Amino acid sequence: MFDFLGAAIAFLLGFGIAAGNYALSSRILKKAPDKLSLAMMARQFVQVLFIVLVYFLGQYTPWNRLWLLVGAVLGMTLPMFWFTSKLVKLNDSMKGKEDEANG
């Protein structure tokens, strides 16, 4: 039960990273869609860095490292299903406006 607390904290941190990544991608998609691929690489770097930090710093916490990793991964992955669908809808709505402007 005690390890579940560590997993929950890691989940919340992972959720925060997923939300931040969504906000960054959404802003870039609205302002400079041509730079979206760079944002995806930056997002991936942040996610991998978070997992690596959880792995290496997990030994200094009172929680089991495996539980921390599971919480972190689920915290980043599960919200991305929703965030990805929102980004796709945003992208589709922007294409419609572009088509109308081009005539």
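The values are calculated or read from the model by the stated rules, or taken from the named source; none is laboratory data. Owing to the predicted nature of the structure, the values given are computational and were not obtained by experimental measurement. The area values use the complete protein model at the heavy-atom level, side chains included, leaving out ligands, DNA and RNA. Shrake-Rupley method; radii C 1.70, N 1.55, O 1.52, S 1.80 Å.
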Quick check: with the 1.4 Å probe, what order do Tyr22, Tyr55 take by accessible area, largest first? Tyr55, Tyr22
Just read off the accessible area of Trp67 with the full protein assembly in place, 1.4 Å probe, to the nearest 10 Å². 110 Å²
Accessible carbon and sulfur surface of the chain relative to its total accessible area, %, 1.4 Å: 71 percent
Rounded to the nearest 10, the angle in degrees between the Cα long axis of helix 2-31 and the longest principal axis of the Cα atoms of the chain comes to 20 degrees
Taking the solvent-accessible surface of protein heavy atoms with a 1.4 Å probe, what is the per residue accessible area of the chain in Å²? 68 Å²
Crossing angle, helix 65-102 versus the chain [Cα axis fit, 0-90 degrees, rounded to tens]: 0 degrees
Sort Ser25, Ser37, Ser93 by heavy-atom solvent-accessible area, probe 1.4 angstrom, most to least. Ser37, Ser93, Ser25
For the stretch 22-103, convex hull volume per residue from C-alpha positions, Å³: 77 Å³
